[in-house]
Amino acid sequence: MPGHSPTTIPRFPLFDTRALGYRTTMRTIATTSSVRGSFFIAGLLVAGIAGCGQEASSPAWEDSLQEQARTSPNAPSFTAASWVLAGPLLEGRTDFGAANLDNNKIFLQGGWGESALLDTAEVYDVLTDTWTSAGVLPTPRPFAVVAPLPSGKAMVTAGGCNGIAYDIADIYDSQTNTWSTAAPMLTGRCSHTATALADGRVLVAGGWPYVLTAEIYDPVTNQWSPTAPMTKTRAYHKAVRLPNGNVLVAGGQGMVDNNDAEIYNPTTNTWTQTGTSSYYDVDSLTPLADGRALATFSAWTPNARVQIFDPNTNTWSNAPDMIVKRMGHTSTLLHTGKVLVAGGSCDADEPDCDWSDGGYLKSAELYDPFTNNWSTTASLNETRMQHAAFRLNNNKVLAFGGINGSVTIAGNNSRTNPNTSSLVLTTTLAGSSELYTPESEGADCSGVVCNPTRDE
């Protein structure tokens, strides 16, 4: 693959004797009380050695430890984060549906091409780094929503809008590269959400024309069943399955703008309203490893606002703003417990926002829930907005598709301005994908924090 290999830099040993003789440096994000106790005892031992005639800042002592760190086969190392280009898409597209399947494959379908709605689908194979054709959607339609099913399958649900709400559901099988039609949904809808439950079923909730209904698809019986009614009508909202198996549905528009959320419990088949958020324009909603959820609010205009939902207290609280005001970005939980936010478009009022190509972003940043801070990370190779990103089983993140520039053209363009023959602004689409490798400090990621719920 194109790109530069990350640089590996040796780190100082665990005990840095230059600072007070026994400063300990914790590399792992989360430790048990026994590990913390071991660190404390080890610190006292080093302090005791220094107090028994061994000068803490002795050059010989430092040289000995650093030599051990350099020569030990288990010496920790630091690898900088990086993005490298991956296999190209067969077609550039945006506003598509996509899902992370359970067999090392990523599925995408539909969306907009350079000038028309696409009815094609593609599959990315993580092992071969290639995109291949997944055929044609049986019933092409805009704004269909995709959810993963067990055994390498994906379900494409509903879609439409502009006065149309489909009740169609199609299933793609990546093992056989074939399509089949599922039972029709109970309610036609678009701008809804479709969330894979822990037991393999799929929850479809809300959508236009502002319905209170939600329904569950069972792939074993090929049947839809209604859930209890939602607490509010909502469309253009976000939904995510939490580590406890419940589904958090947040924001969106209904009969009124919804600056709140609700939780569906699949065990009791009930919806419960949460506390009120400060905003309704949820752009991304990401589960955290500790059971909370991180929301960014910039669905309609670039912004940096962030809040966190805590299911234990049923409340929302403010988190620090993102470093860059953005919208149309992706937000992905990493195996380290951090959240990667990448791409999007920027605010024209910001001094560092380059509108020469439409204000699309390459920049990326990380939220650390343990320090409650944002930091910059490696930038994308290409600008992209309204793309998709998923964490893979190898802990890398694949970002693909989206809008990556704007051009002014003459004549009719069916996507941006179908009723004029004058100069119009249109978008150029990314036909590329790229892989993000998080920075590594040689930490042992065998614990729960380094193995959160797989992205859906």
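The values are calculated or read from the model by the stated rules, or taken from the named source; none is laboratory data. Quick caveat, the model's predicted, so the values are computed rather than measured. Every residue, glycine among them, receives a Cβ derived from its backbone with ideal geometry; neighbour counts consider all protein chains shown.
Key figures
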read-out	value
Selection count, region 381-394, where residues are part of a loop (DSSP other than H, G, I, E, B) and either touching a helix residue (DSSP H, G or I) at 6+ places or on another chain (Cβ under 9 Å) or within 20 Å of ALA293 (Cβ to Cβ) (or both)	1
Positions within region 247-260 being of a type outside the set (Gly, Ala, Ser) and crowded, with 21+ Cβ neighbours inside 10 Å, in sequence order	VAL247, LEU248, VAL249, ASN258
Check on ASP199, assigned to a loop (DSSP other than H, G, I, E, B) and closer than 27 Å to THR286 by Cα	yes
Evaluation of PRO59 against (1) at pLDDT 95 or above; (2) outside the structural domain of GLU122 (by TED's automatic domain parsing) (one fails), failing number	(1)
Residue match in region 395-415 (condition: assigned to a loop (DSSP other than H, G, I, E, B), at pLDDT below 55 and under 19 Å from GLY110 (Cβ atoms))	yes
So VAL220, is it under 29 Å from ILE171 (Cα atoms), of a type in the set (Val, Ile, Thr) and either assigned to a strand (DSSP E or B) or in contact with a helix residue (DSSP H, G or I) (Cβ under 8 Å, 6 or more places away or on another chain) (or both)	no
Qualifying residues in region 201-245 (those that are in contact with a strand residue (DSSP E or B) (Cβ under 7 Å, 6 or more places away or on another chain) and on the phi > 0 side of the Ramachandran plot) - the one surrounded by the most Cβ atoms within 10 Å (Cβ to Cβ)	GLY207
Cross-chain or 6+ apart pairs with Cβ under 6 Å, region 356-380 first and over 20 Å from ALA293 (Cβ atoms), then among the acidic types (Asp, Glu)	THR376/GLU365
Residue list for region 266-289, filter: charged (D, E, K, R) and either touching a residue at least 60 places away in the same chain (Cβ under 8 Å) or under 15 Å from VAL240 (Cβ atoms) (or both)	ASP283
